[in-house]
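What follows is a set of notes on a single structure, which appears directly below.
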Amino acid sequence: MKLKWRPCFSSTHSKGSEERLRKMGNAMRGVIAFIPSERCQRYLVGDLKEMPLDRTLDLSSHQLRRLPITTCVFDELVKLYLSDNNLSSLPDELQGLRKLQLLALDFNCFEELPAAICRLHQLSILYLGNNRLHRLPRELKELKELNTLWLETNCFTDFPKIVCELTNLKTLHFGYNQIRSLPKDLRRLQEIKSIWLPGNLLTEFPPELLEMHSLAIIDVDRNKIRQFPNMSHMQGLKLVIYDHNPCVNAPMVGEGVRRVGCWADSTDDGQEDDGSKEGREDTTEMAEVHSEEKQNNLEARE
């Protein structure tokens, strides 16, 4: 009787082989990512031949160093996610996406805003956080429909005045830059509902904000503000975050407005804003507002 040899693979061996193949694939992608040719970058995004049914294209975390021009042929595209790549420029062909409403470019390597973005006239939501931007072009004012702009964690030392011409803006995130003041023209943004300025170098509360009566949320956490003004006249205000400032007083606000923070001269829990432990617990709750707002924006167009 002749015995036949049959290879026997345990599930552990099979999983180990799959893991090795996966790592080999990731290593290959990592090598290809450093080759900025059109062909190599197309390999990273895979087969793009048909318009996605939901008119949304997500190429986040693909190790891209340049955007393949083939992605710009979908002229019906509404959302384009390019977050967490290695992009520092975009092709002029991007301006062909005339119906684009949301563009996510956060966590990339942009030092300047690509000119093609300023020609996307239907754009309403633009994410530019966690890049290396230090200025914005004059052409940004052409984005008349823009209502949400994220510029947090960049390299701005002066607030870009061109933002003051985006009169449809409703949400502005400008945290974790290095600005010391806001321009007087910011008060022109009378439609703005929330402004986030944590982690900057503000030494006084921006007086411009006191004239922006549509504001519902003001975040000046982690600045260098010594004294806060009376805000009780701001009838639309719902939330003020002023924690981690060397301030000697809390902002005066109207009835029903929530404040999150404490001031430098606090010696006991009784001087902590909103009263004892409840006020401190609100800090965690309000910290989630920032991330929730972004999620809401992402879902707004779905």
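Once all protein chains are placed together, Glu93 keeps about 90 Å² accessible to a 1.4 angstrom probe.
log₁₀ I(q)/I(0) of the range 46-188 at q = 0.13, 0.16, 0.17, 0.19 Å⁻¹, via Debye over equal Cα point scatterers, no solvent, to two decimals? Result of the Debye calculation: -0.54, -0.82, -0.92, -1.14.
Projecting label points 7 angstrom from Cα along Cα→Cβ for Gln235 and Ser88 puts them 5.2 nm apart.
How long are the semi-axes of the equivalent ellipsoid of the range 174-239, defined as square roots of 5 times the Cα gyration tensor eigenvalues? Whole Å, largest first.
18, 13, 11
Protein heavy-atom surface of the range 104-241, 1.4 angstrom probe: 44% of the accessible area is carbon and sulfur, with nucleic acids and ligands not counted.
Taking the range 123-259, how much of its Cα-Cα pair set, in percent, is spaced more than 20 angstrom apart?
Values: 3935 of 9316 pairs.
Counting pairs separated by more than 20 Å, the tail of P(r) holds 42 percent.
The values are calculated or read from the model by the stated rules, or taken from the named source; none is laboratory data. None of these values were measured; they are calculated from a predicted model. With ideal geometry, Cβ positions are generated from the backbone for all residues, glycine too; neighbour counts draw on all protein chains shown. Calculation scope for accessible area: heavy atoms of the full protein, side chains included, ligands and nucleic acids excluded. Shrake-Rupley method; radii C 1.70, N 1.55, O 1.52, S 1.80 Å.
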